[in-house]
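The next block holds one structure in the form of structure tokens; read it before the comments.
The values are calculated or read from the model by the stated rules, or taken from the named source; none is laboratory data. Computed from a prediction, not measured in an experiment: that's the story for all the values here. When we count neighbours, we look across all protein chains shown, and the Cβ atoms used for this are built from the backbone with ideal geometry, even at glycine.
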Amino acid sequence: MKTLTAILIGAGDRGARAYAPFALDYPNELKIVGVAEPGIERRTKLQQAHDISDEHCYESWEEVLQLDQKIADIAIICTLDRYHFKPTMRALELGYHVLLEKPMSPDPLECIAMEQAAKKYNRQLTICHVLRYTEFWSMIKKVIARGEIGEVVSLQLNENVEVMHMSHSFVRGNWNNKEKSSPMILQKSCHDMDIISFVMGKECNRISSYGSLMHFKEENAPAGAPKRCLDGCPAELSCPFHAGRYYLGEGKGWAKKFTEDDTNEGIIKALQETPYGKCVYRSDNNVVDHQVVNMEFEGGATATFSMCGFTREQTRIVQIMGTKGEIRGNMEENSISIFDFLTKQETVIKFDNPIGGHGGGDNGILRTFLREIQLGSNGNGVSSTSASVRSHLMAFAAEDSRLNEGQSIHINEYYQSLLENIKA
């Protein structure tokens with residue numbers, strides 16, 4: 001099969017570090033030939049790493065997508081959540097296949113419009129629900145499909161965000177404010193809505209949710225705490241979230257996500273100038289720090305999902321209960337256990353250490369995306385755009401339910417109301 005070419009739109013953490021390296025590791029499959037990124041340091045690093053010509057380095061997506069013709073086969077779009085829609089729609093119109101970072105958009109109408117545009121222009125639009133492409137979840141899907149645990153009755157999934165990841169990304173970081181990015185259940189956990197639907201293999205009919213921002217708010221700030229941790233906080237030694245102690249210590253790797261200069265001096269300068277140096281109790285965050293979601297699927301099966309920022313490790317723990325057996329798994333341990341009710345036999349599967357982020361899902365999605373383009377599946381393979389839209393709608397409905405005291409929402413009715421708004 002021929003080598004496909006791509007333009008990277010947004011050379012931040014996910015674009016430059018999660019997806020673009022695939023082209024360096026597998027140059028026979030993918031070549032990055034252009035980049036659109038407003039940050040000159042990020043743009044230059046990406047250009048040098050992939051040997052991109054000056055003429056195909058752009059400050060904005062508008063520059064490259066306003067050209068009369070496309071310069072590559074694929075557009076990999078990794079801008080911030082609220083800036084996904086316009087470049088995606090324009091890229092599809094120009095004839096690019098699109099790999100789009102999740103979530104698709106914080107607006108459900110835009111999600112549906114992108115799905116419709118991909119069908120209209122007969123292009124592959126794949127949303128980066130990377131968990132589908134891991135050995136961990138793929139094997140769980142196969143075990144269920146083979147009937148090894150009978151009919152699934154109930155599924156429980158816990159997303160342990162990890163307390164410092166919570167403070168970094170969702171209190172201080174780009175995704176701390178739902179008006180500026182998107183709600184937590186969409187930004188962080190549309191992965192989970194998607195993977196629950198993926199392994200269940202059925203449509204979710206009804207959903208309800210509860211959750212709140214309980215801890216990271218003004219009234220919980222230590223007495224005398226300043227707006228920024230480095231401005232002489234009296235709780236420096238007792239607060240686990242002190243920015244200076246964390247980012248200059250065990251969290252130094254996370255500092256690379258907000259400064260190109262990761263020397264001590266560079267990190268200190270960034271903590272004085274960026275939101276990552278703010279007190280976690282005096283930020284402009286408003287996304288929840290914990291949330292639960294209840295789901296009912298076709299045939300009566302149920303699922304529960306719990307996301308919590310207050311955990312010691314970052315992982316997903318799943319328990320799937322069927323009529324003939326049970327599956328348990330922990331993504332951090334990268335293993336699953338299958339128990340047969342009749343024989344009382346337990347089978348434990350320990351997967352090899354994955355290559356790439358998200359349990360190997362970052363590499364897996366790219367390889368599948370490229371193969372589906374070559375084979376001409378256009379949204380009908382593993383990377384179904386319709387399935388991605390459906391799981392996004394589950395997240396939107398869960399947030400609406402949370403804001404309405406746990407009101408139960410029928411997904412099909414919710415979807416039809418959105419379609420009527422588009423037609424109107």
Residue match in region 181-190 (condition: among the β-branched types (Val, Ile, Thr), farther than 30 Å from TYR415 by Cα and in contact with a helix residue (DSSP H, G or I) (Cβ under 6 Å, 6 or more places away or on another chain)): no
Complete set of residues in region 338-350 that are within 20 Å of GLU135 (Cβ to Cβ), in contact (Cβ under 8 Å) with a residue 12 or more places away in the chain and surrounded by fewer than 15 Cβ atoms within 10 Å (Cβ to Cβ): VAL348, LYS350
Qualifying residue in region 128-136 (condition: touching a residue at least 12 places away in the same chain (Cβ under 8 Å), surrounded by fewer than 22 Cβ atoms within 10 Å (Cβ to Cβ) and farther than 24 Å from GLY10 by Cα): yes
Those residues of region 317-337 which are surrounded by fewer than 19 Cβ atoms within 10 Å (Cβ to Cβ), touching an Asp or Glu at 6+ places or on another chain (Cβ under 8 Å) and either aliphatic (A, V, I, L, M) or closer than 30 Å to GLY15 by Cα (or both), in sequence order: GLU332
Any hit, region 341-349, residues being of a type in the set (Lys, Arg), at pLDDT 90 or above and over 17 Å from SER138 (Cα atoms): yes
Candidate set from region 351-373 (those that are modelled with pLDDT of 90 or more and either exposed (fewer than 14 other Cβ atoms within 10 Å of the Cβ) or of a type in the set (A, V, I, L, M) (or both)); member that is nearest to THR3 (Cα to Cα): LEU370
Matching option when the condition is surrounded by fewer than 18 Cβ atoms within 10 Å (Cβ to Cβ) and under 30 Å from MET214 (Cα atoms), among PHE310, PHE305: PHE310
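For (1) in contact with an Asp or Glu (Cβ under 9 Å, 6 or more places away or on another chain); (2) charged (D, E, K, R), each residue gets a yes or a no:
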{"residue": "MET89", "(1), (2)": "yes, no"}
{"residue": "HIS97", "(1), (2)": "yes, no"}
{"residue": "VAL130", "(1), (2)": "yes, no"}
{"residue": "GLU135", "(1), (2)": "yes, yes"}
{"residue": "ILE140", "(1), (2)": "no, no"}
{"residue": "ILE144", "(1), (2)": "no, no"}
{"residue": "ILE149", "(1), (2)": "yes, no"}
Number of the exception - ARG282 against (1) surrounded by fewer than 18 Cβ atoms within 10 Å (Cβ to Cβ); (2) over 30 Å from GLU218 (Cα atoms); (3) modelled with pLDDT of 95 or more: (2)
Helices (runs of 4 or more DSSP H) wholly inside region 128-189 containing at least 1 residues that are at pLDDT below 95 and under 13 Å from the mean Cα position of the chain (by Cα): 184-187
Boolean, PHE258 is at pLDDT below 95, under 29 Å from ALA395 (Cβ atoms) and either crowded, with 20+ Cβ neighbours inside 10 Å or among the small types (Gly, Ala, Ser) (or both): yes
Test result for LYS120, outside any helix (DSSP H, G or I) and surrounded by fewer than 22 Cβ atoms within 10 Å (Cβ to Cβ): no
Which listed residue, of GLU236, GLU260, GLU265, GLU296, is outside the structural domain of HIS165 (by TED's automatic domain parsing), acidic (Asp, Glu) and touching a residue at least 24 places away in the same chain (Cβ under 8 Å): GLU260
Test: GLU148 is acidic (Asp, Glu) and not assigned by TED's automatic domain parsing to the domain that holds GLU333: no
Boolean, PHE297 is under 27 Å from ALA16 (Cβ atoms) and surrounded by 17 or more Cβ atoms within 10 Å (Cβ to Cβ): no
Residues located in region 191-243, provided they are out of contact with any helix residue (DSSP H, G or I) (no Cβ under 6 Å at 6 or more places or on another chain), buried (at least 19 other Cβ atoms within 10 Å of the Cβ) and of a type in the set (Asp, Glu): ASP192
